[in-house]
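All of the numbers you see were taken from the coordinates with simple rules; none came from a lab. A quick note: this is a predicted structure, and the numbers were derived from the prediction, not measured. Here the Cβ is made from the backbone with ideal geometry for all residues, glycine too, and neighbour counts use every protein chain on show.
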Amino acid sequence: MKNGSHIADVFDEQICEKMEADDRKRFYIAPQKVLWQSGSVTNSQALVENRAAQITVEPKDGCVLHSTAENCASVLLDFGAEIHGGIKIFTWLAGSKHHANVRVRFGESAMEAMSELGGEQNATNDHAVRDMVVDLPDMSMISVGETGFRFVRIDLLDQDQDLVLKGVKGVLVYMDLPYVGSFRCNDELLNRIWKTGAYTVHLNMQNYIWDGVKRDRLVWIGDMHPETSTIQAVFGQNEAVPRSLDFVREGTPLPNWMNGYPSYSMWWMIIQHDWYVHTGDMEFLKRQMPYYKGLYQQLSTFIDESGKDCTPEPRFVDWPTADNKEAIDAGLQALHVMATRSAKRLFEACGEAELAKQCEADLEKLMKFRPAGYGGAKQALSLMVLAGLASASEANEACLSQNGAHSISTFMGYYILRARAAAGDIEGCLENIRDYWGGMLSLGATTFWEDFDIDWLENAARIDELTPAGKVNVHGAYGKYCYIGYRHSLCHGWSSGPTPWMQETILGVEVLEPGCRKIRVTPRLGSLEWAEGSFPTPYGPVFVRHEKKADGSVESDIKAPDEVEVVR
């Protein structure tokens, strides 16, 4: 247990040694509205009232559901935004048997909450149960579910009985953290996108960093870099990051690859580098070194004589390129370079001179091999740009700027934006952000999704409504690979890339020395008139405001803690 806990006042030491504290908090949320109801439902508006989260003996002004053989009493509740957690059902009376069976269905979209398990639209209970039958006794407060959702449907299964509910509360379970980082500009859509990306990651910051709160409640280290970049930009130092890095390391003895993928081990190396640069936590870094050295040396053996990355199967960059061998080869070549470059810098920081020299030799070999192509994939080409294997300006002109926001993936979108920014195409980046991530918002999203294609916008219904006739149910109709139909996560941390990108690029905050002891601020406003925000450091936030003058010049106001040196 953590120091400062009073649990030892209650339990003896032997019990306390097997306890683990939960850093999260719980908040009760009343539904914003009843989106739909069917059958005999009386006074459903009682469910949206902000009543005390405690049952009483005597019913007063409850919501009454009564099912018959012909009509099932049902309500669909909208909590107004995606949350992580479950619901608590407050039951006054549960019929003559004093117990009532209800079916509860959670949904990230309204239509998912209305769905049946299986079928073409692929509603599932995978990894977290979101469709279940629950027994409600009289005078009870029953907690139900642990998943990601915005909508909940409740059906009374028992016939010819009255179920009298005091209320149904959403139970938000999350880390109650201040948003130390911030971003605002004269484009309100960009402001909404920044905040939505931050909130998407915030929900996935449980005791560990997850991919998605509905289904992928797992530490997928190869998917985590956009999330840790967002955490650095919004929350700063947070224990969930090192805890997750340690968790995956401890569960992956060498020569195994993290989560089964060589590329995921490479991402672990890159995240370790970026976390050290931001936090300056040398103690944590030194604890990683025995494993880090072994992993680097293992990775070093997978460079052939020509300098080509030859890490074994499964070779993986992201799902949209999973069937594109040329893109995979190019992307992994770039990742190998990026991981080795990260290793070199960390070995230098830890005084491991010989290993740093070995990294230099590996980099020389890796940089000599230039992939013949990139399979037409913006994802792979962007990684090549960031690794120094391709010219940013040439890549942007030939591929990255073509066809607007088409062929972007939610995960690799962050790296596409960074590569386009390296080419100086800030306006092209802003257009991509507005069209792609703004496209999700236009469909009612309150968090960003596991996958998205702007072609889905055509004739699409919003996710916060029941699909009207003639419209496309986006959540049920689309998706590929492991995220087909309703299995598709609508709150996925890897989709948060625009959030750190706006602070890194528009505000222009670049960390130059570990622990943010020295930063550079280089504004790149594109067509924006002004932008301002804050960036967390271990010494407190740096505040930045840039304003474009009539002559096109940019005037900057920068305030930083005394310990942070700012260069321009």
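Structural remarks
- Between residue 57 and residue 539, the contour length at 0.36 nm per residue exceeds the Cα-Cα span by 168.3 nm.
- Inter-label distance for residue 556 and residue 527, nm, one decimal - labels placed 7 Å from Cα along Cα-to-Cβ: 2.4
- DSSP-defined antiparallel bridges as percent of all bridges, the chain, nearest 5: 95
- Subtracting the Cα-Cα distance of residue 393 and residue 243 from 0.36 nm times their residue separation leaves 50.1 nm of extension gain.
- Estimated dipole of the chain in Debye, rounded to 20 [Cβ of Lys and Arg +1, of Asp and Glu -1, Cα centre]: 380
- Cβ-based charge dipole, the chain, positive-most Cα from 221, 38, 186: 186
- Straight-distance crosslink candidates among aspartates and glutamates, where the alpha carbon sits under 20 Å from residue 548 and sequence neighbours closer than 8 are dropped: 187, 188, 425, 427, 431, 504, 529, 532, 557
- Placing a label point 7 Å from the Cα of residue 403 along the Cα-to-Cβ line, no residue of region 465-482 has its backbone N under 13 Å from it.
- Of the chymotrypsin sites (Phe, Trp or Tyr not before Pro) found in region 490-568, the ones in coil according to DSSP and having at most 16 other Cβ atoms within 10 Å of their Cβ are 539.
- Candidates 535, 230, 473 compared by Cα position along the dipole of the chain: farthest toward the positive end lies 535, with charges placed on Cβ.
- Spin-label model, residue 517 to residue 24: label points 7 Å out along the Cα-to-beta-carbon direction sit 3.8 nm apart.
- Between region 100-116 and region 496-510, the Cα center-to-center distance that results, in Å: 38
- Sequence-distant aspartates and glutamates (8 or more away, or on other chains) whose Cα lies within less than 16 Å of residue 97: 135, 138, 158, 160, 162
- Extension gain from residue 256 to residue 133, taking 0.36 nm per residue of separation minus the Cα-Cα distance: 40.2 nm
- The Cα center of region 272-324 and the Cα center of region 1-50 differ in position by 39 Å.
- Rounded to the nearest 10 degrees, the angle from helix 188-204 to the longest Cα principal axis of the chain is 80 degrees.
- Summing Cβ point charges (Lys, Arg +1; Asp, Glu -1) relative to the Cα centre of region 25-174 gives a dipole of roughly 600 debye.
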